[in-house]
Structures are given as C-alpha cells and as structure tokens.
Amino acid sequence: MTLSLVFIAILFGFSLYNLVTAIRLEVPRKQTVQPLAKLRKRVSLLIPVRNEAQNLPALVRCLGQIDYSPLEILILDDESTDDSYRILQSSGYVALRGRPTPSGWVGKNWACHQLTEAATGDLLLFCDADVTITPRAVADTVNRMEEYHAKALTALPRQLMQSWSEKAVIPLVMHQSVVGTLPLNLLHRLRSPSLLVCNGQWLCIDRAAYFSVGGHQRVKDSFVEDMALGRELKRAGYPLLTVVAARSLEVRMYKDWPALKEGFTKNLYPLMGGNLPLFSLCLLLFVYANGVSLLSLTGFLLLLLNRLIVARLFRTSAGSVLFHPIGLVTVLYLSICSLAKTKWGAISWKGRETVHRITK
C-alpha cells in the first residue's frame, strides 16, 4: 500500500509541475514577432490519408483557414478503399496517389516517406487527417521552434472523447502516462533517447535534421514510428521540443470501441518498450499504482486530484475521472491483446494486415 501511494504521489507531483510549467503551443500575441515574409521558413504540411473520407471535409475547411505563408500542403492517399481519393481530388490541394507498400514497411511510414520525397519546405510538418487545426497553429509551431532553437517540435492536442471506451482509456494512455511521469518543459534539454514524447499527430522537423537521421526510412518497420523517429533525432543530438496544444489542435482518435481496440492493440506493446520484461514491469507498475491506491482514502484523493489536473491541462471533461476503474481493466485487457498480436499474431489497421513480430 505504501509503495502504491509513493507512485501516485509521483504522478501527482509531475502532473502539477506540468500544469504550471508545460510549454503551450499558443504563442501570446504580444510575444509574437512575425518575420518578413521573404525570411520566413517554408513549411510543408504533410498529411497521410487512409480511409478518412469521414474526416476529410472538416480537414479541408481547416486547411483553407491556416494563417501562414509560405506554406505547401501535400496530402497523400495511402491505398484507401473508401472515397478518400475522390474527395481529395476535388479539394483544391495537391493530392498524391500513394504507391503500394513495399515489403518491410509499415503503411503509414511508407506514406510519410513518399510525402517527404515530394516536399520542398524547410520544415516538414506531419499531421494526421483527423486533427482539427486552428488558423494560427502552423505559425505558432514555427515561432516556438525559433524561440527555443529546436530542430523538431511535437504537440499534444486536446483529445475529443464521447464514447465510454474513449473516456475510460484515452486519459490513462495518452495523458496520465505522459504528464504524470515526465517533465515536459525539460525534455528538449535531456539527451537520453528514452526520455521523450513524440506524437505523430503533429510533428514538425527541420528538413536537414530529418534526412540526416534517415527519416521514416530509418524506422520503416516500427508500429510507433513517431516515438522511434523521435529517438533517432535525440540520438543525433537534435532537441525535440514537446508542447501542449489543447487550444490549437483537437483530435478524436477513435470513434467507437472496435476502432479503439484495433488502434491500441497495435500500439500498446511497442509503446511499453517492445520487449517482454519491460512491458511486464510497466504493466505491473501501472496496475499497482492505479489499482491499489483506490483502497486507501489518501491514495484515492491523490489519484482524483491527479486526474483532475490532467483534465484541466488538456481541457477535457472532469467527468472522465468516473471511468477510471473501467479504464484500468480495459487498458490491462488491451495490453495483453497487444502483446499477443505483436508477438504471435498479425497487426491490422484500417483494413490492412501487417505480419510483423517484435522479437525482443
């Protein structure tokens, strides 16, 4: 019991620290100094799309409102089986048709690689098709990178959650696991490749730095390519700035239980280290700290305060805290599914199955 309280106290401490100190993507207008247009860095906004017909109309509206120049927008259809490519063709933006995925590549990694082959920008900004982008998000990204002299920036958007499974699982996996364990505002100063957050939903990398580490080709077989690419950047000595973008970017990752199960089954085992001993340790600590603490009043109060702080930081509903016990059981179940699928089965995502096993 005492050990679990220590873990929860650590989570609470980190969460409170990040609430106060985390770097926000939004640059206060009085601090914003726009360089002359001819001196601004050219940004290539790169968006891989696979079966996103439902999200594309909203994405196209967002793209038309972006307040930044010079900006190049490239969208690549990654062998969609729905109407995505037809919608892209009528969008008015450059719509590339992706080539078949070669052996040894994960589909999204191949799509991002093709986008970089066509991009001409000084900065390569990768964005998922389900992200809602505010008009100033690109400009603020460039300004933050210049302010901190960073060669790469990754943002943590506000996560939109409606179904019970989203409210139960996403705050634990996407928020608490990050905000409760790492000092976000210091990560770009820490050289260790294991101390990082890298989120492919919004990831901007200096062109020279990207290609110097091998880009997506270097991590072509990784199911969590963003984290793998972030580690390569840190190994090469490039600062990776982590910012909270709860007012600039929004995303609804999964709209129902089947999609959430498929997505986290693909990601959880690799996210927990990709090897059985580390995975087992992470899962044990997660269950012990979050589960046993519920048995004491002090632990319960610390856990409640921690979850409320995280909800405040990411502007999500405090009501999701009520789903915490369900979330614990669900994350445990999804983690075991991820282990089984990754080690002994086949990972599927958006209608495409990849038989690739992590052997560590």
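The values are calculated or read from the model by the stated rules, or taken from the named source; none is laboratory data. All figures in this text were calculated on a predicted structure; none of them were measured in a lab. Positions of Cβ are generated from backbone atoms using ideal geometry, with glycine treated the same way; all protein chains shown enter the neighbour counts. All accessible areas refer to the heavy atoms of the entire protein, side chains included, with ligands and DNA or RNA removed. Shrake-Rupley method; radii C 1.70, N 1.55, O 1.52, S 1.80 Å.
Among the residues of the range 276-321, the one identified as under 16 Å from Asn18 (Cα atoms) and free of Cβ contacts under 8 Å to residues at least 24 places away in the same chain is Leu308. The residues of the range 233-270 that are of a type in the set (Phe, Trp, Tyr) and either under 30 Å from Leu284 (Cβ atoms) or open to solvent by less than 20 Å² (accessible area, probe 1.4 Å) (or both), listed by number, are Tyr254, Trp257, Phe264, Tyr269. For the range 107-140, filtering for residues that are among the aliphatic types (A, V, I, L, M), open to solvent by 10 Å² or more (accessible area, probe 1.4 Å) and part of a strand (DSSP E or B) leaves 0. The set of residues in the range 164-187 that are part of a loop (DSSP other than H, G, I, E, B) and either in contact with an Asp or Glu (Cβ under 7 Å, 6 or more places away or on another chain) or β-branched (Val, Ile, Thr) (or both) contains only Thr181.
The criterion of being at positive phi and surrounded by fewer than 21 Cβ atoms within 10 Å (Cβ to Cβ) holds for Gly104.
Restricting the range 188-207 to residues that are open to solvent by 20 Å² or more (accessible area, probe 1.4 Å) and not in a loop (DSSP other than H, G, I, E, B), the residue that is nearest to Asn143 (Cα to Cα) is Asp206.
Yes or no, residue by residue, for (1) modelled with pLDDT of 90 or more; (2) under 25 Å from Leu76 (Cβ atoms); (3) aromatic (Phe, Trp, Tyr):
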residue: Lys108; (1), (2), (3): yes, yes, no
residue: His113; (1), (2), (3): yes, yes, no
residue: Asp128; (1), (2), (3): yes, yes, no
residue: Arg158; (1), (2), (3): yes, no, no
residue: Leu172; (1), (2), (3): no, no, no
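On the basis of being under 19 Å from the mean Cα position of the chain (by Cα) and part of a helix (DSSP H, G or I), does Met161 make the cut?
It is false that Met161 is under 19 Å from the mean Cα position of the chain (by Cα) and part of a helix (DSSP H, G or I).
Within the range 209-225, the set of residues being over 13 Å from Glu117 (Cα atoms) and open to solvent by 30 Å² or more (accessible area, probe 1.4 Å) comprises Ser212, Arg218, Lys220, Asp221.
Set side by side, the residues Arg357, Arg352, Arg307 differ, and just one is buried (at least 18 other Cβ atoms within 10 Å of the Cβ) and either out of contact with any Leu (no Cβ under 8 Å at 6 or more places or on another chain) or modelled with pLDDT under 75 (or both), which is Arg307. If the condition is being open to solvent by less than 60 Å² (accessible area, probe 1.4 Å) and within 23 Å of Asn109 (Cβ to Cβ), then the range 64-81 contributes Glu72, Ile73, Leu74, Ile75, Leu76, Asp77, Asp78, Ser80.
Looking only at residues in the range 295-338 that are aromatic (Phe, Trp, Tyr) and assigned to a helix (DSSP H, G or I), which one is nearest to Pro171 (Cα to Cα)? The extreme case among them is Phe323.
Total residues in the range 141-171 satisfying the condition of being open to solvent by less than 30 Å² (accessible area, probe 1.4 Å), touching a strand residue (DSSP E or B) at 6+ places or on another chain (Cβ under 7 Å) and over 24 Å from Pro325 (Cα atoms): the figure is 11.
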